[in-house]
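Take a look at the structure below.
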Amino acid sequence: MSEIDTFLLERNQSLHENAVEINLTESGVEPLTLAGLLSPEELNELHRLRLGYNYTEGSPEARAAVATWYPGAAAENVLLTAGAAEANFISAWALLGQDDVLAFMVPNFMQLHGLGRSLGAAVRTFPLDPKNNWQLDRDAFGAAAKDAKLIALCNPNNPSGAVLSESDMAAIAETARANDAWLLCDEIYRGSELDGRAETPTFWGRYEKTIVTSSTSKSLAHAGLRVGWVVAPPAFIYECMRRQDYTTIGTGPINQFVAAKLLAPEKRSAILERSRAILGRNLAIVDDWIARWNGRLAYDRPAAGGMVFVRYDFRIGSSELSKLLREKESTFVVAGEWFGMDGHLRIGTGGHAHELEEGLKRIDRVLASIG
């Protein structure tokens, strides 16, 4: 049996998220029902949909709808996948092999870190600086990117919610070009900006060897569709298609139909506006909660995303604290250790306000018992 790192975040969520009363590990936004998402006419069209094999690469309508979010992109630049997880997987599989170098941002969703190692690549990490509001450490980035085959990052960032500055984005693209590296940016939280911020710019169009991955989950609120995408040059899209033939083969007709409606520019804008409203209200609840702890809890206010990354001043590891919360209070939060950063908890802010408030009360009780 070949070796692969345990994906701690996903493995723990899979084991425990459906067995607790309050799950605060999700970083997306509460979804709509089909009746809330589609018009009566669209629902009637859905009822008549033939459930046979579909476009494996994604329907022309869905691919064109995705492309509208990326200036200069066309349907030929898009491949639909089973969530962003498949988009990341087949992109890494197409590029990385024995002795290649992957430069990987931390903290981050750790999928590509584990995949890169399993594919035989040398993985070099470069940090966002927690002492500088999670901004890019350019010196460390330059060293990690030297002779890299692939540079992988997440913007807006998971778990910190930080957004790269324009100058950092330009520097990243310039470094990728100087090293002739592919640049893969997970932009799954784009559109979930807080405090009235403008939408985060995409990396698409900054450099000819750019790959963007995303999905209908997180900022777009509909994780259950399991529709993601790769946006890339057509030749790279073809290589991803060849690999998708070995994985899911393609997404289903129901998923593609709904995704095409959701991703149409007017509908997409309305969904993102709803997401930002929910996240903004819930972030205010977290602000008040943090303030009550008089410095024993702290966080850098996120610029975007459906989560907060909270530092704590208690003598307990984050995995142990997550377990204690789950066992004592049936409340589940993400341990910072699962991102390689102990001493933090990631708490989701995209759900119902009353569940968030109750979950925070339960966290209070456990922290008070630790002292």
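Computed quantities for the displayed model
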{"quantity": "Under the Karplus curve 6.51 cos²θ - 1.76 cosθ + 1.60, θ = phi - 60°, whole-Hz ³J(HN,Hα) for segment 221-230, x wherever Gly or Pro sits", "calculated": "6, 10, 4, x, 5, 6, 10, x, 7, 10"}
{"quantity": "Among ALA170, ALA92, ALA232, residue whose mean-square fluctuation peaks in a GNM of the chain (springs only between Cα atoms under 10 Å)", "calculated": "ALA170"}
{"quantity": "Alpha-carbon gyration tensor eigenvalues x 5, square-rooted, for segment 1-80, Å", "calculated": "31, 22, 16"}
{"quantity": "Rounded to whole Å, sorted largest first: equivalent-ellipsoid semi-axes of segment 195-292, Cα gyration tensor", "calculated": "31, 18, 14"}
{"quantity": "R0 of 35 Å, Cβ-Cβ distance LEU43-THR247: FRET efficiency to nearest 0.05", "calculated": "0.70"}
{"quantity": "J(HN,Hα) series, segment 267-276, from Karplus relation 6.51 cos²θ - 1.76 cosθ + 1.60, nearest Hz, glycine and proline x", "calculated": "5, 4, 4, 5, 5, 5, 4, 4, 4, 5"}
{"quantity": "Mean projection area, nm², convex hull over Cα of segment 91-162", "calculated": "4.4 nm²"}
{"quantity": "Estimated D of segment 213-371 in µm² per second, where Rh is the Kirkwood radius over Cα pairs and Stokes-Einstein applies at 4 °C, 1.567 mPa s", "calculated": "72 µm²/s"}
{"quantity": "Antiparallel bridge percentage (DSSP; both residues within the chain; nearest 5)", "calculated": "50 percent"}
{"quantity": "Zone of LEU51's modelled label, taken as backbone nitrogen in segment 234-275 under 13 Å from a point 7 Å along Cα→Cβ", "calculated": "252-255"}
{"quantity": "Accessible area per residue, Å², the chain with all protein chains present, probe 1.4 Å", "calculated": "43 Å²"}
{"quantity": "Cut-off under 5 Å, modelled amide H: who pairs with ASN108 long-range", "calculated": "none"}
{"quantity": "More than 20 angstrom apart: percent of Cα pairs within segment 1-135", "calculated": "68 percent"}
{"quantity": "Listed pairs LYS131/LYS218; LYS131/LYS267; LYS261/LYS361; LYS218/LYS261 exceeding 28 Å between Cα atoms", "calculated": "LYS131/LYS267; LYS261/LYS361"}
{"quantity": "Theoretical gain in end-to-end length, ALA143 to ARG301 [0.36 nm per residue, Cα-Cα removed]", "calculated": "54.0 nm"}
{"quantity": "Full-stretch length increase - ALA284, LEU32 - with 0.36 nm per residue and alpha-carbon distance subtracted", "calculated": "88.5 nm"}
{"quantity": "Accessible-area composition of segment 1-109, carbon plus sulfur, in percent [1.4 Å probe]", "calculated": "53 percent"}
{"quantity": "Calculated P(r) of the chain - Cα pairs past 36 Å, %", "calculated": "20 percent"}
{"quantity": "Proximal lysines relative to LYS209, as straight alpha-carbon distance under 25 Å, when same-chain residues fewer than 8 apart are discounted", "calculated": "LYS146, LYS149"}
{"quantity": "Accessible-area composition of segment 215-371, carbon plus sulfur, in percent [1.4 Å probe]", "calculated": "50 percent"}
{"quantity": "Residues ALA270 and ALA235, FRET efficiency given R0 of 35 Å [Cβ-Cβ distance, rounded to 0.05]", "calculated": "0.50"}
{"quantity": "FRET E, pair SER167, ASN18, Förster distance 51 Å, beta-carbon r, rounded to 0.05", "calculated": "0.75"}
{"quantity": "Calculated from backbone phi, Karplus (6.51, -1.76, 1.60) coupling profile of segment 49-59 in Hz, x at Gly/Pro", "calculated": "5, 7, 8, x, 4, 10, 4, 5, 7, x, 4"}
{"quantity": "Within segment 78-232, percent of DSSP bridges classed antiparallel, to nearest 5", "calculated": "35 percent"}
{"quantity": "Distance from segment 315-352 to segment 239-265 (C-alpha centre basis), Å", "calculated": "33 Å"}
{"quantity": "Length added when fully stretched, PHE314-LYS131, from 0.36 nm per residue minus Cα-Cα", "calculated": "64.0 nm"}
{"quantity": "Global size of segment 132-285 as Cα Rg and Dmax, reported in angstrom", "calculated": "16.8, 47"}
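The values are calculated or read from the model by the stated rules, or taken from the named source; none is laboratory data. Just so it is clear, the structure is predicted and the values come from calculations on it, not from any experiment. Note: ideal-geometry Cβ built from the backbone for every residue, glycine included; neighbour counts use all protein chains shown. The area values use the complete protein model at the heavy-atom level, side chains included, leaving out ligands, DNA and RNA. Shrake-Rupley method; radii C 1.70, N 1.55, O 1.52, S 1.80 Å.
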